[in-house]
1. Name the residue, out of Gly60, Gly24, that is within 26 Å of Met134 (Cβ to Cβ), under 13 Å from the mean Cα position of the chain (by Cα) and modelled with pLDDT under 95.
2. Given Val98, Val82, which one is surrounded by 15 or more Cβ atoms within 10 Å (Cβ to Cβ) and in contact (Cβ under 8 Å) with a residue 60 or more places away in the chain?
3. Can you name every residue in segment 110-136 that is touching a residue at least 40 places away in the same chain (Cβ under 8 Å) and in a loop (DSSP other than H, G, I, E, B)?
4. Taking the stated definitions as given, is Gly65 assigned to a loop (DSSP other than H, G, I, E, B), among the small types (Gly, Ala, Ser) and out of contact with any Gly (no Cβ under 9 Å at 6 or more places or on another chain)?
5. Within 16 Å of the chain's Cα centre (by Cα) and either farther than 24 Å from Asn133 by Cα or at pLDDT below 95 (or both) - does that describe any residue in segment 64-72?
6. State yes or no: is Met141 farther than 24 Å from Ile61 by Cα, surrounded by 16 or more Cβ atoms within 10 Å (Cβ to Cβ) and of a type outside the set (Val, Ile, Thr)?
7. Applying the selection to segment 9-55, what residues are surrounded by fewer than 18 Cβ atoms within 10 Å (Cβ to Cβ), without any contact (Cβ under 8 Å) to a residue 24 or more places away in the chain and either in contact with a strand residue (DSSP E or B) (Cβ under 6 Å, 6 or more places away or on another chain) or part of a strand (DSSP E or B) (or both)?
8. Quick one: how many residues across segment 62-90 are of a type in the set (Val, Ile, Thr), within 19 Å of Thr116 (Cα to Cα) and touching a helix residue (DSSP H, G or I) at 6+ places or on another chain (Cβ under 7 Å)?
Amino acid sequence: MKAVLVKELLADRQEALHLEVLTGDSGLDRKIIIADTNRPGLAFTGYMGYFLWERVQIIGITETGYLETLPSDKRIEAIKRVTSFELPCIVVTKKLGVHPELLSEAKARNIPVLRTDIDTTEFIHRLSSYIDNMLAPTTTMHGTLVD
């Protein structure tokens, strides 16, 4: 099965994605095997039905705003609920601040947390396009050109 490593994403698309690593350096060998992304807002609230953990998790202003409304103990519980899975990585968009609880839980589980200054919708588009291209089937044909 084809995959893109998180570290390849950082190296290949830095100019287009503007990613910085906040924590989880030891998890940069994690594999991205699906081009689609997931926004874990409902998972933070406790609804885990259809939680697509195998996708890159995107945290934008909605998810960040929700986490800010929670008292510290509930925020930690919500973050642990999401980070208990083998996530490929978490990306925080719009250069938003990242809760220290998210960084510490991700670090403990070797989940890379990345941040970009790009708007959420635009980032998802760029990321999905790149991963889709990298995971697309390829065919090699041998031939001869006759003049």
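The values are calculated or read from the model by the stated rules, or taken from the named source; none is laboratory data. Here the structure is a predicted model, which is why all the values come from computation and not from measurement. Reconstructed Cβ throughout: ideal geometry from the backbone, glycine too, with neighbour counts over all protein chains shown.
1. Gly24
2. Val98
3. Answer for segment 110-136, where residues must be touching a residue at least 40 places away in the same chain (Cβ under 8 Å) and in a loop (DSSP other than H, G, I, E, B): Asn110, Ile111, Pro112, Thr116, Asp117, Ile118.
4. No; evaluated as a whole, the condition is false for this residue.
5. Yes, that holds for at least one residue.
6. On the way: farther than 24 Å from Ile61 by Cα: yes; surrounded by 16 or more Cβ atoms within 10 Å (Cβ to Cβ): no; of a type outside the set (Val, Ile, Thr): yes.
No, not satisfied.
7. Across segment 9-55, the qualifying residue is only Leu52.
8. First, pick out the residues of segment 62-90 that are of a type in the set (Val, Ile, Thr): 62, 64, 69, 76, 79, 82-83, 90.
Imposing the further condition that a residue be within 19 Å of Thr116 (Cα to Cα) reduces the set to 62, 64, 90.
Now restrict to residues that are touching a helix residue (DSSP H, G or I) at 6+ places or on another chain (Cβ under 7 Å): 62, 90.
Final tally of qualifying residues: 2.
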